[in-house]
Amino acid sequence: MKVSLGDVIDEYLIQEEARERNSEYFTNLPLWALDKFGVVLYWKQEEMAFSLVENHDTAVKAGHGVGKSFFAALAVCWWIDTRPIEKVFAATTAPSQDQVAGILWREIRRFWALRHKLAKADKTGNYNPLPGYITRDTKWKGDLGEHLADG
């Protein structure tokens, strides 16, 4: 098969653009959410997202049904997806263990499964599955058994 210089340059530019985009995800949860899940965060969620980058101990005062659990699950997935696997860990909390397991981790599992489904169907190579697996007892383990997140 004959390959032209133009094809090589085009492929290089595509890969370089992907590398730049991936490095931008490290500090841009809203962009990651849009590109990886098609999720558009509303202004308060964007504010929380950028606060997480600057202040890993972000706290938000909010009412019921405003998307806190959805956002927290998305943030955990973003954190694990964009950090080096050997250095990543996310701890999740809520007022009760039932809320952690029944609400937050249900959302985390949903995002994890959706990303695997998207990766399986993807023909472009834009999607990769989220790493590892999630246990029944709110633990996210890496492919080699590393502890990535806990509830």
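Any read-out appearing in this document is the output of simple, stated calculations on the displayed coordinates, not a laboratory observation. Source: prediction; values computed, not measured. Here the Cβ positions follow ideal geometry from the backbone for every residue, glycine too, while neighbour counts run over all protein chains shown.
Applying a threshold of 26 Å to the alpha-carbon distances of K61/K120; K87/K139; K36/K123; K36/K68; K68/K139 flags K61/K120 as lying beyond it. Helical content alone sets the calculated 222 nm signal of the chain at -16000 deg cm²/dmol, taking -39,500 (n - 2.57) per DSSP H segment of four or more residues and averaging over every residue. Largest GNM mean-square fluctuation across T124, T58, T93, computed for the chain with C-alpha springs under 10 Å, falls on T124. The calculated FRET efficiency for D57 paired with H116, based on their beta-carbon distance and R0 = 41 Å, is about 0.85.
Largest GNM mean-square fluctuation across K117, K139, K61, computed for the chain with C-alpha springs under 10 Å, falls on K61.
With the charge dipole of the chain set up from +1 on Lys and Arg Cβ and -1 on Asp and Glu Cβ about the Cα centre, the Cα lying farthest toward the positive end among the listed residues G102, L148, L74 is that of G102. Put a plus charge on the Cβ of each Lys and Arg, a minus charge on the Cβ of each Asp and Glu, and nothing anywhere else: the dipole of segment 43-114 about its Cα centre is then about 200 debye. Binning all Cα-Cα separations of segment 63-151 at 5 Å, short to long from zero, yields these whole-percent fractions: 3, 14, 25, 25, 18, 10, 4, 1, 0.
Taking every C-alpha pair closer than 8 Å and separated by at least 6 residues, the mean separation divided by the residue count of segment 47-144 gives a relative contact order of 21 percent.
Semi-axes of the chain's equivalent ellipsoid from the Cα gyration tensor, sqrt of 5 times each eigenvalue, largest first, rounded to whole Å?
On the way: eigenvalues 193, 66, 38 Å².
They are 31, 18, 14 Å, listed from largest to smallest.
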